[in-house]
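Worksheet for the structure shown next.
Nothing in this text is a laboratory measurement; each read-out follows from the coordinates by a stated rule. The structure presented is a predicted model; accordingly, all values stated were derived computationally and were not measured. Here the Cβ positions follow ideal geometry from the backbone for every residue, glycine too, while neighbour counts run over all protein chains shown.
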Amino acid sequence: MNISLKNIGRRFNRDWIFRGIDFEFKSSQKYAILGPNGSGKSTLLSVILGSLTPSEGEILYANGTEVRVENIYQHISFAAPYLDLVEEFTLQETIDFHFKFKPYADGLDAKEVLNLLGLQKSQDKALKHFSSGMKQRTKLALACCANTPILMLDEPTSNLDAQGVDWYLSLIEKFAVNKMVFVGSNQAHEYSFCNQEILISQYK
């Protein structure tokens, strides 16, 4: 899967968040989208994700043949602290529901995802009773354990303690090797494995 941005810009009302982004994202590469809070990192990720339309420019997806923007969600897994989960679902129901839409990564099933989370004792607990850290771990596991060629993470270690950060990095090491990965961040430990960086400030 390759993604091409051609003179991409996005504005809200009359204010441009970014303009003039020309970039080729290539299969299996790791990209850090960097900038301070409010700089437009999440907006750029949303444009690449296909959930926001660019105000100018063109975005192209190719996986051997062109992939239409309305179908790109099938190729992407996404996790962010502001992404809502169904609070009434139990953890087990959440896992079962998610993987009806995205296939498991090779060698995984519901039991293995639960083991990776380390939350076996909470599998029958509704997510509304989870701490913010437990919810974030769940979002990361669902995204990383899906068999999609693209993984998008926005502020992935939000609400995680030091042990949770180590767990996140081990998850990336196990399941993101052959994926195109995007990390929106301003914390170096979240994107230490990325080999390319994009500074939003260069496109103001």
(message) Amide H of Gly20 versus every other amide H placed in the peptide plane: which residues, excluding those fewer than 5 positions away on the same chain, fall under 5 Å?
(response) Ile8, Gly9
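Counting pairs of alpha carbon atoms under 8 Å apart in space and at least six apart in sequence, what relative contact order in percent does the stretch 2-203 give? Let's see the in-between values first.
Values: 344 pairs, mean separation 63.8, N = 202.
RCO, the stretch 2-203: 32 percent.
Could you give the DSSP H helices of the chain that reach 24 angstrom or more along their long axis (alpha carbon positions) and whose average Kyte-Doolittle hydropathy is no lower than 1.6? Before the final figure, lay out the partial values.
Details: long enough: none.
Qualifying helices, which must be both long enough and hydrophobic enough, do not occur.
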(request) For the chain, compute Rh as the Kirkwood radius over C-alpha pairs and then the Stokes-Einstein diffusion coefficient at 37 °C and 0.692 mPa s; write the answer in µm²/s, rounded to an integer. (result) 187
(request) Please tell me which of these pairs span more than 31 angstrom C-alpha to C-alpha: Lys26/Lys128; Lys6/Lys128; Lys100/Lys128; Lys6/Lys135; Lys41/Lys135; Lys128/Lys174? (result) Lys26/Lys128; Lys6/Lys128; Lys6/Lys135
(message) Using a 10 angstrom Cβ neighbour count of at most 13 plus a DSSP loop assignment to flag exposed chymotrypsin sites (Phe, Trp or Tyr not before Pro), which longest range of the chain is free of such sites?
(response) 102-204
(message) Test of understanding: what is the full-extension gain from Lys6 to Asp106, defined as 0.36 nm times their sequence separation minus their Cα-Cα distance?
(response) 32.6 nm
(request) For the stretch 78-114, run through the GluC sites (Glu not before Pro) and keep only the ones in DSSP coil with at most 15 other Cβ atoms within 10 Å of their Cβ. (result) Glu87, Glu88
(request) May I ask you to give the average projected area over all directions of the convex hull of the Cα atoms of the stretch 90-204, in nm² rounded to one decimal? (result) 7.9
(request) Output the antiparallel fraction of DSSP beta bridges having both residues in the chain, as a percent to the nearest 5. (result) 50
(request) Let me know the charge dipole size of the chain about its Cα centre in debye, to the nearest 20, where only the beta-carbon of Lys, Arg (+1) and Asp, Glu (-1) is charged. (result) 280
